[in-house]
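Before any comments, here is the structure.
The values are calculated or read from the model by the stated rules, or taken from the named source; none is laboratory data. All of these numbers come straight from a predicted model, not from anything done at the bench. With ideal geometry, Cβ positions are generated from the backbone for all residues, glycine too; neighbour counts draw on all protein chains shown. Only protein heavy atoms, including side chains, enter the accessible area calculation; ligands, DNA and RNA are left aside. Shrake-Rupley method; radii C 1.70, N 1.55, O 1.52, S 1.80 Å.
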Amino acid sequence: MVALETVRASNEKIASTLPPGLVAVFVGATNGVGEATVRQFAKWTAAPRVYLIGRSQEAGTRIVNECKALNPQGEFTFISKDTSLIRNVDEICAQIKENEKSVNLLFLTIGTLQTGKTTDEGLHYPAALAVHARNRFISNLLPLINNATSLRRVVSVFIATLEGEIQMDDFQGWHMKLMANRDHAASITTLSLESHHKENPNVSFIHNFPGVVKSGITRGTSGPVLTAVKAVVRIFGSLFYMPPEEAGDRHVFLSTSARYSAGLEDPAAGVPLLDDISVARGSDGTVGSGVYSINASGESAGPKVEEALVSLRSRGMMEKVMDTITADTNKALATHQESGNRKFQAEQHYTPVERPT
């Protein structure tokens, strides 16, 4: 376990070891880990430029004001969009590209446990958020991340260290039971990050499990299991929730420490290692591989997960995962385009009828 004292000692060095003006994009920043992390990022960094993406304008305005109070030299911009829609993801990224030449950190927390709902682009709602939108943000912003000189990192907060079998016949998780879907989605996330790293070796990619942090991930959920879980959390949550400040500090550490660098010779590795920690073992079992599956304590996944990932890679699952994400995304965008074309054609063929006088 990476001790909290070590985490905070590293974070205290951010302002002196990394340059001012770090550019960070937090997708899912209006509650839970995203909110906690952006607040601590504002606390520890020097004059950052931060984009917060979320749905609630009220929450976004509040968090921006809190961040400005913590760091008056920083710039904090909130963008209100539904990120389950791929077209919205593209619009957000286009806006960021207009304003920035480089991005140091992409921090992704969007997700939901709500199932059985289809987006108007035809994707299963939870997969649209956790798989398709996350990968679209990564693909769109990687050119800017590669342009950065001092830190180049993607952090995807989800269900790391729980990787298992992938079920390609139900890729979007329409019919899976909760635990099978957990293993499936965890592996999809880690393998997709490995694929991105393969094409972008100067960027480090982290998939992590955040621990038990109060958030809105269960909004809109139903069914006996999740109803029972929500009841337990409502009654006893305060006993086992990780404090927001600790959650934020641990994720700032993940986002900035050289422990999770793009490689052993990474010139943009982040905050130099303290004496009591070393570079982490990557998802392929290699120290400093550039892709990491990390638990709530900041430690790498164990041998069982590494063996599961070896098996998946040997069956070409990394390529199959990326091909499916690309196909689903293109279909979603085409669905929206076709809908727009039909609407336009209907409007063009509409002939107003004159009322008799």
Taking residue 310 as meeting all but one of (1) open to solvent by 30 Å² or more (accessible area, probe 1.4 Å); (2) out of contact with any Lys or Arg (no Cβ under 8 Å at 6 or more places or on another chain); (3) part of a loop (DSSP other than H, G, I, E, B), write down the number of the exception. (3)
Give the residue that is farthest from residue 20 (Cα to Cα), with candidates limited to residues of the stretch 139-154 that are hydroxyl-bearing (Ser, Thr, Tyr) and more than 15 Å from the chain's Cα centre (by Cα). 149
For the stretch 290-336, which positions are without any contact (Cβ under 8 Å) to a residue 12 or more places away in the chain and of a type in the set (Lys, Arg)? 304, 315
Check 50, 27, 33 and return the single one that is touching a residue at least 40 places away in the same chain (Cβ under 8 Å) and within 19 Å of residue 144 (Cα to Cα). 27
I need the helices (runs of 4 or more DSSP H) fully contained in the stretch 1-81, keeping only those with at least 1 residues that are hydroxyl-bearing (Ser, Thr, Tyr), closer than 28 Å to residue 295 by Cα and open to solvent by less than 10 Å² (accessible area, probe 1.4 Å). 4-11, 32-44
Which one of the conditions (1) surrounded by 14 or more Cβ atoms within 10 Å (Cβ to Cβ); (2) out of contact with any Lys or Arg (no Cβ under 9 Å at 6 or more places or on another chain) does residue 255 fail to meet, given that it meets all the rest? (2)
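Look through the stretch 190-200, keep the residues that are part of a helix (DSSP H, G or I) and open to solvent by 10 Å² or more (accessible area, probe 1.4 Å), and return whichever of them is farthest from residue 305 (Cα to Cα). It would help to see each step written out before you state the result.
Filtering the stretch 190-200 for residues part of a helix (DSSP H, G or I) gives 190-199.
Subsequent filtering for residues that are open to solvent by 10 Å² or more (accessible area, probe 1.4 Å) retains 194-199.
Values: 194: 14, 195: 17, 196: 20, 197: 19, 198: 20, 199: 23 Å.
Step by step, filter the stretch 190-200, then rank; the result is 199.
Specify which of the listed residues (58, 35) is charged (D, E, K, R) and over 16 Å from the mean Cα position of the chain (by Cα).
So the residue among 58, 35 that is charged (D, E, K, R) and over 16 Å from the mean Cα position of the chain (by Cα) is 58.
Here is a check on your reading of the model: is residue 166 in a helix (DSSP H, G or I), touching a residue at least 60 places away in the same chain (Cβ under 8 Å), farther than 19 Å from residue 268 by Cα and among the β-branched types (Val, Ile, Thr)?
The answer is no for residue 166.
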Please find, within the stretch 155-198, the residue that is modelled with the highest pLDDT out of those that are of a type in the set (Lys, Arg) and more than 18 Å from the chain's Cα centre (by Cα). 198
Failed condition for residue 151, given (1) within 26 Å of residue 211 (Cα to Cα); (2) in contact with a helix residue (DSSP H, G or I) (Cβ under 6 Å, 6 or more places away or on another chain); (3) surrounded by 22 or more Cβ atoms within 10 Å (Cβ to Cβ): (2)
Please determine, by comparing only the residues of the stretch 106-126 that are open to solvent by 10 Å² or more (accessible area, probe 1.4 Å) and of a type in the set (A, V, I, L, M, F, W, C), which one is farthest from residue 25 (Cα to Cα). 113
Tell me, which residue of the stretch 231-252 that is at pLDDT 95 or above and in contact with a Ser or Thr (Cβ under 9 Å, 6 or more places away or on another chain) is surrounded by the fewest Cβ atoms within 10 Å (Cβ to Cβ)? 249
Here is a check on your reading of the model: is residue 178 surrounded by fewer than 19 Cβ atoms within 10 Å (Cβ to Cβ) and under 19 Å from residue 28 (Cβ atoms)? no
